[in-house]
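Worksheet: one structure, shown below.
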Amino acid sequence: MRRRAPRVLHAVFATALATVLTLAATACGAGASPADANDKIIKIGAWYPLTGALASFGIPERAGADAYFKSVNASGGINGRKIDWIVKDNAFDPQQTVQIARRLVDQDGVVAIVATNGTAQSQATFPFVLEQSKVPVVNTLGGDASWYSPARDGLFGLQTLYEDQAAALGDWVARDGAKKVLVVHSDPAAFVNVAGEIAPAARKADPSIDVERLSVKFQTTDYSPVISKVKAAKPDAVVVILAAAEAAAYLKEAKLQGLSTPVYGYAPVAAQATLTLAGPAAEGVKAVQLVKSPHDTDPAVQEFRDAMAKYEPGQPADFVSLWGWAAAKAFVEIARTIDGPVTSESLTEAYEKAAAIDTGVGPVLRFSADSHLGTRDVQKVVVKDGRWESIGDFFTPPARD
């Protein structure tokens, strides 16, 4: 009997252990398994510059997305599941963003990073978020062509690339009849690369058009010598690839010196900040945008304004908050197509099958397994009576070489 005792004890221990494991599994199945959790809540995350120099963009963009998610939750959520959108302040710093990404994935357990902000900031997280953790990053504001060519697993965008915005501007000025165009741009490479796409697009529309460039030191505040150079060049049209504050400085100095040459700009120029800083000098400026004007009478834009007033009182219903709203709405529309638990894997599959997502405020988005950038389209806008107004509908710029 003594020889058999260890076997008996081993059998008893094994039976007890199996019972414990079974009970643990049952307990998890009762309320803690990923599938069951996803039947009640969809936990997603994001980072924004809520402090620092770029907070003027991060705060309203977060507010726009938050207003949409709150409105969806008030209506019952996504197929009965409430959205838990966890937002953290990265102060527009890549290293802080990496730390935030780790907390969102490892501690908060998000199934996706949604409607976030920043090119360098988001890219710094890709090795951990996309490659190691297999958590998708969707509808982010920012990015460049290398993100999407070739398509990268788990990364999906809805912002028309700056290079395509420039191509749209080149085509626009040529079709408006300009024969000599001057591109005024900041000197960092990111601005130079965008400015370089204007001439090829303009020449596709009019091979005889003359396009020259004028580089300006980044964050220049005194545009008096710049305007003097523009006047000396005698262009028919000027395209500004500048930040909003610098575009406003250009416009104010141009008005002061009596320069009335038509001005065109890309999406960062088409901002409320440009109007606030430039005042009457901004009247008549044309630009391309990622969304419709927040002042449009379109019902989808009115829905946005009503939700902002209800859920984010005090925050502006402007282009930036409308960017956030559009990104949040696109996510919800795609997540609603998922039959079953909303996981990182099911979201990725849903995005790759999302063939025609219409937010009503932005261009129709089309994704596939081989194409993870949803659109190249832009919206023309113009300053009329002190505010940005839409011109026509979204259009596709000429293909870049």
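Any read-out appearing in this document is the output of simple, stated calculations on the displayed coordinates, not a laboratory observation. What you see is a predicted model; the values in this text were computed from it and never measured. Using ideal geometry, Cβ is built from the backbone for each residue, glycine included, and neighbour counts are taken over all protein chains shown.
Per-structure values
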{"quantity": "Candidate lysines - alpha carbon under 16 Å from Lys82, same-chain residues fewer than 8 apart omitted", "calculated": "Lys40, Lys43, Lys70, Lys329"}
{"quantity": "For the chain, share of DSSP beta bridges that run antiparallel, in % to the nearest 5", "calculated": "25"}
{"quantity": "Average projected area [Cα convex hull, the range 108-241], square nanometres", "calculated": "9.9"}
{"quantity": "Sequence-distant residues sharing a close amide H with Val216 (under 5 Å, placed H)", "calculated": "His185, Ser186, Asp187"}
{"quantity": "Backbone HN-Hα couplings from phi across the range 338-351 [Karplus 6.51/-1.76/1.60, Hz, Gly and Pro as x]", "calculated": "7, 9, x, x, 8, 10, 4, 5, 5, 5, 4, 5, 5, 5"}
{"quantity": "5 angstrom amide H check on Thr359, placed H, neighbours 5+ away", "calculated": "Leu365"}
{"quantity": "Label-to-label distance, nm, for residues given as Glu389 and Ala309 (7 Å Cα→Cβ offset)", "calculated": "2.1"}
{"quantity": "Label point distance in nm, Thr396-Lys179, each placed 7 Å from Cα along Cα→Cβ", "calculated": "3.3"}
{"quantity": "Amide H contacts under 5 Å for Lys88, placed H, 5+ residues apart", "calculated": "Ala46, Trp47, Tyr48"}
{"quantity": "Peptides ranked, highest mean first, by Cβ atoms within 10 Å: ranges 188-195, 121-128, 214-221, 339-346", "calculated": "121-128, 188-195, 339-346, 214-221"}
{"quantity": "The chain: relative contact order as a whole-number percent, Cα under 8 Å and 6+ apart", "calculated": "18"}
{"quantity": "Computed label-point distance, nm, for sites Ala74 and Gln257 using a 7 Å Cα→Cβ extension", "calculated": "5.0"}
{"quantity": "Burial order of peptide ranges 46-58, 244-256 (average beta-carbon count within 10 Å, highest first)", "calculated": "244-256, 46-58"}
{"quantity": "The range 57-147: C-alpha gyration tensor shape, a/c 1.5 cut-off, then a/b vs b/c", "calculated": "prolate"}
{"quantity": "Hz values of 3J(HN,Hα) by residue in the range 323-335 - Karplus curve (6.51, -1.76, 1.60), Gly and Pro given as x", "calculated": "4, x, 4, 4, 5, 5, 5, 4, 4, 4, 4, 6, 4"}
{"quantity": "Convex hull projection area averaged over all views, the range 288-329, Cα basis, nm²", "calculated": "2.8"}
